[in-house]
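The values are calculated or read from the model by the stated rules, or taken from the named source; none is laboratory data. Not measured: the values here are computed from a predicted model. All Cβ positions, glycine included, derive from the backbone under ideal geometry; neighbour counts span all protein chains shown. Please note that ligands, DNA and RNA were not included when accessible areas were found on the heavy atoms of the full protein model with its side chains. Shrake-Rupley method; radii C 1.70, N 1.55, O 1.52, S 1.80 Å.
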Amino acid sequence: MEQKIRKALATSAKLEVDAGAISITQNLFDVGLMSFACVQLMMRLEELFDIEFPDESLKKSTFETIASITQNLKGLGANYSVRFLLCSLLPRGFQNQACNGVRVRNQ
């Protein structure tokens with residue numbers, strides 16, 4: 001997981017330092033992460049991990065360090081498969097309200 005996060009940082013975050021040299025607790029905003037690049041990073045992480053950050057995760061602290069990103073991704077993944085199954089069973093009109101952050105692929 002950490003390697004994928006570092007790859008996303010290297011390609012999307014436009015940091016002032018090499019993504020491989022950053023400690024997991026170093027503040028990414030202190031090494032050049034800007035708000036627009038943070039949005040690009042978020043979208044790249046969503047793509048890499050096939051998740052969607054829920055609205056309550058869209059805050060600076062979520063993307064502040066590699067450790068905080070990892071923690072948030074694990075938190076999303078911990079309930080993801082159960083939530084995916086439950087949300088895929090709901091009618092489409094209820095999915096928007098109940099399934100925030102879960103990508104449901106309806107057929």
Kindly evaluate Leu41 against the criterion of being within 16 Å of Ala10 (Cβ to Cβ) and modelled with pLDDT under 90. no
Members of region 44-79 that are open to solvent by less than 90 Å² (accessible area, probe 1.4 Å), under 11 Å from the mean Cα position of the chain (by Cα), among the polar types (S, T, N, Q) and modelled with pLDDT of 90 or more: Thr62, Ser68, Thr70, Asn72
What about Ser23, is it among the polar types (S, T, N, Q), in contact with a Lys or Arg (Cβ under 6 Å, 6 or more places away or on another chain) and either part of a helix (DSSP H, G or I) or open to solvent by 50 Å² or more (accessible area, probe 1.4 Å) (or both)? no
Over region 5-20, the set of residues part of a helix (DSSP H, G or I), of a type in the set (A, V, I, L, M, F, W, C) and either touching a Gly at 6+ places or on another chain (Cβ under 9 Å) or under 13 Å from Phe63 (Cβ atoms) (or both) is Ile5, Ala8, Leu9, Ala10, Ala13
